[in-house]
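Visitor: Quick one: the structure is below, questions incoming.
The values are calculated or read from the model by the stated rules, or taken from the named source; none is laboratory data. Since we're looking at a predicted model, the values are computed, not measured. Positions of Cβ are backbone-derived with ideal geometry, glycine not excepted, and every protein chain shown enters the neighbour counts. SASA here: full protein model, heavy atoms, side chains in, ligands and nucleic acids out. Shrake-Rupley method; radii C 1.70, N 1.55, O 1.52, S 1.80 Å.
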Amino acid sequence: MIESYAIADLTWEELDAATDETGTLLLPVGSTEQHGPHLPLGVDTFMPEAVCRRIAERSPCLLAPAIPYGVSPHHTFKPGTVTVESETFRRYVRDVCVSAGEWGIENVLLVNGHYLVQDPELEIVVRDLRTDHGIRAFHVPLVTLFADVASEIRESELSFHASEFETSMMLALFPELVEMDRAEPVAGPDESLPLTDYDALGDNEVGWALSAEEMDELTPTGNLGDPTAASAEAGEALVERVVSKTASLVEALEGSG
């Protein structure tokens, strides 16, 4: 039996033995960027890391160290944000996965905490891994997996960045890092273009993006939406939805051989 699912804790011999028991690797992918005055810069990395730990405790798989830097040019209007070029990011994530394939990993789940923004990059990585390297790869964006639960339990009309959903998950996972006394709501624009919406669950049916200048105009604090509507109970429901759905995929992959 695997004594530890976190590959960073294993020796090479222990990892070699572990890959005889599982061919699936979880790779948390996040970012380091501003999340308003009430949340830390590491939110997008902390969340998928914690979610992946829960998945690995439940299902047969290994857990890789997280990738903490992502594509975040629209958040550079606040200090602390680190952003890398799209091509750099794609190549880095791909190379990590290719390395894993060389020591026996057959399936890779890219568990994405910086959802919506770097989805396009990770979809390309998934395609390249499958077509060029024979690795069964999947992009697992948190917001997509918890969307059904979020739509049922939400308290605010707008949750775009560092607002109800992310703050709720952080309250459930890392309450000591959340400063709710500093949280404040920031309303979005009165209108948005057709097929676009300033909400994580909104009418976003076409690809679009914001620049740092546009974000700076939208929010003085860095968040957009109402983080004061967040709760640990809601966050736990969102986390459990992601964990249960992803665990079912892991189990199916392991069962398919």
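Visitor: Restricting to DSSP H runs of at least four residues, report the calculated mean residue ellipticity at 222 nm for the chain, -39500 (n - 2.57) per run over all residues, nearest 500 deg cm²/dmol.
Guide: So the calculated ellipticity at 222 nm is -13500 deg cm²/dmol.
Visitor: Moving to a separate point now. Give me the net charge for the shell around His139: Cβ to Cβ below 13 angstrom, other residues only, Lys and Arg +1, Asp and Glu -1.
Guide: Neighbourhood net charge equals +1.
Visitor: In Å and from the alpha-carbon atoms only, list the Rg and Dmax of the range 121-257.
Guide: Expressed in Å, the Cα Rg and Dmax of the range 121-257 come to 17.3, 51.
Visitor: For the range 205-257, what % of the accessible area comes from carbon and sulfur atoms, probe 1.4 Å?
Guide: 51
Visitor: Let me check I've understood the local charge: for Ser168, count other residues with C-beta under 10 angstrom from its C-beta, Lys and Arg +1, Asp and Glu -1. What total comes out?
Guide: -4
Visitor: I've got another one for you. Over all alpha-carbon pairs in the range 104-162, figure out the percentage whose distance exceeds 19 Å.
Guide: Of all Cα-Cα distances in the range 104-162, 41 percent exceed 19 Å.
Visitor: Between the alpha-carbon centers of the range 194-241 and the range 105-125, tell me the distance in whole angstrom.
Guide: Using only Cα atoms, the two centres lie 19 Å from each other.
Visitor: Here is a follow-up. At q = 0.18, 0.27, 0.32 Å⁻¹, what is the base-10 log of I(q)/I(0) for the range 1-40 according to the Debye formula with one equal point scatterer per Cα and no solvent? Please give it to two decimals.
Guide: Treating every Cα as an identical point scatterer, log10 I(q)/I(0) equals -0.59, -0.94, -1.17.
Visitor: Here's a follow-up. Stretched out fully, how many nm does the piece from Trp12 to Trp208 gain, at 0.36 nm a residue minus the Cα gap?
Guide: My answer for the length gained is 66.2 nm.
Visitor: Here's a follow-up. Restricting things to alpha carbons, tell me how big the range 196-251 is in terms of Rg and Dmax, in Å.
Guide: In Å, with Rg to one decimal and Dmax whole: 15.6, 45.
Visitor: Within the chain, which DSSP H helices have Cα atoms that stretch 30 Å or more along the helix axis and a mean Kyte-Doolittle hydropathy of at least 0.0?
Guide: Once both thresholds are applied, what remains is 232-256.
Visitor: Right, something else. Which value, in Å², gives the accessible area per residue of the chain when a 1.4 Å probe is used on the protein heavy atoms?
Guide: Per residue, the chain has 46 Å² of solvent-accessible surface.
Visitor: Further question on the same structure: Can you give the direction-averaged projected area of the convex hull of the alpha-carbon atoms in the range 55-177, in nm²?
Guide: 9.2
Visitor: Calculated from the structure, Kirkwood radius over Cα pairs in Å equals which of [x] 18.7; [y] 21.5; [z] 20.7?
Guide: For Kirkwood radius over Cα pairs in Å, the calculated option is [x].
Visitor: Under a 5 Å amide H to amide H cut-off, with H placed in plane at 1.01 Å, what residues pair with Ser159 once short-range neighbours are removed?
Guide: Ala200, Leu201
Visitor: Still on this structure: Taking the simple approach of a point 7 Å from Cα along Cα-to-Cβ for both Glu155 and Glu85, what is their distance in nm?
Guide: Result: 4.5 nm between the two label points.
Visitor: Projected area of the range 9-80, taken from the Cα convex hull and averaged over every viewing direction, in nm²?
Guide: Averaging across all directions leaves 5.9 nm² for the Cα convex hull.
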